[in-house]
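The values are calculated or read from the model by the stated rules, or taken from the named source; none is laboratory data. Owing to the predicted nature of the structure, the values given are computational and were not obtained by experimental measurement. Please note: Cβ atoms are built from the backbone with ideal geometry, for glycine as well, and neighbour counts cover all protein chains shown.
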Amino acid sequence: MLPENYTRLDNYRYERKFTGTEDVINKTEVMVKTHPEAFSERYQPRRVNNIYFDTPTLEFFADNHQGKAERIKYRIRWYDNIWGEVSPILELKIKKGLVGYKKSYPLKSFTVNENLTKEHLIDSICHSNVPDDITEKIKFLEPVLLNSYERRYFESFNHKFRLTFDTKVAYYHFNRTIQFGKPVNDFSTFILEMKYDQEHDKEAGRITQIFPFRLSKNSKYVNGILNFYPGIAI
């Protein structure tokens with residue numbers, strides 16, 4: 001079963017990202033709360049954790065880094081504590097141009113620690129209600145990265161627009177097991193992301209024109225891989 005405050009994404013939607021530095025985090029929060037669209041917090045803040053899969057040659061990373069029009073991410077997500085027994089969700093995040101959607105499958109629980117391997121993840125997927133074609137695809141992929149960050153959630157008064165506000169990102173290299181003792185922390189930047197259905201795109205401009213940031217193609221997955229493979233050829 002998916003968590004009560006988990007957002008399914010069965011239809012294509014836009015996701016617009018903006019980035020800023022830690023010196024304006026407090027100003028950004030005030031800007032969101034005083035926005036004319038009357039954004040308010042929807043859920044309690046929580047920590048979001050993801051394990052990303054890729055091909056042995058990091059093809060999904062290359063697709064994202066190069067901005068390929070059609071691309072996909074395979075990841076396992078859970079919330080709050082990064083370590084210990086977790087309630088994971090397998091997500092396939094599919095992008096086509098500027099819009100995307102995701103497929104979500106609750107998984108059998110597993111324990112996140114220094115002994116977690118690909119075999120444990122595949123076992124969880126195989127013993128859950130995941131379509132066979134997806135299971136077979138993932139068997140040929142490798143877990144390559146774990147990231148974790150704090151997220152706050154806001155929603156406009158008319159419920160058309162959502163904002164997520166991500167800070168305190170930590171990256172862990174997944175190389176056979178999680179290199180949990182060697183995280184790369186990025187506490188100097190934040191990511192503000194606005195999400196909305198396709199039919200509201202014409203209204204989105206008046207929302208974002210108040211933001212003093214430029215649109216960004218920021219990808220936490222791409223950033224994480226570049227931290228651990230700085231000389232990777234694209």
Kindly establish whether SER216 is over 22 Å from ARG46 (Cβ atoms), surrounded by 14 or more Cβ atoms within 10 Å (Cβ to Cβ), in contact with a strand residue (DSSP E or B) (Cβ under 8 Å, 6 or more places away or on another chain) and among the hydroxyl-bearing types (Ser, Thr, Tyr).
yes
Looking only at the range 174-196, how many residues end up being surrounded by 14 or more Cβ atoms within 10 Å (Cβ to Cβ) and over 13 Å from SER148 (Cβ atoms)?
10
Over the range 118-145, the set of residues assigned to a loop (DSSP other than H, G, I, E, B) and surrounded by 14 or more Cβ atoms within 10 Å (Cβ to Cβ) is SER128, VAL130, LEU141
Let me spell it out: the conditions are (1) touching a Lys or Arg at 6+ places or on another chain (Cβ under 7 Å); (2) among the charged types (D, E, K, R); (3) modelled with pLDDT of 95 or more, and GLU85 meets all of them except one. Which number is the exception?
(1)
Answer yes if at least one residue in the range 37-45 is part of a helix (DSSP H, G or I), among the aliphatic types (A, V, I, L, M), more than 24 Å from GLY231 (Cβ to Cβ) and at pLDDT below 95, and no otherwise.
no
Restrict the check to the range 174-183 and report whether at least one residue is in contact with a strand residue (DSSP E or B) (Cβ under 9 Å, 6 or more places away or on another chain), of a type in the set (A, V, I, L, M) and over 25 Å from TYR74 (Cβ atoms).
no
Which numbered condition TYR105 misses (of (1) part of a loop (DSSP other than H, G, I, E, B); (2) without any contact (Cβ under 8 Å) to a residue 40 or more places away in the chain; (3) aromatic (Phe, Trp, Tyr)):
(1)
Listed by first then second residue, the pairs whose first member lies in the range 19-37 and is of a type in the set (Gly, Ala, Ser), whose partner is in a strand (DSSP E or B), with beta carbons under 6 Å and at least 6 positions apart or on separate chains, are GLY20/PHE190
When the residues of the range 209-224 are narrowed to those that are within 21 Å of the chain's Cα centre (by Cα) and over 19 Å from LYS95 (Cα atoms), which ends up modelled with the highest pLDDT?
GLY224
Filtering the range 167-187 down to residues that are more than 18 Å from the chain's Cα centre (by Cα), outside any strand (DSSP E or B) and not aromatic (Phe, Trp, Tyr), which residue is farthest from GLU37 (Cα to Cα)?
ARG176
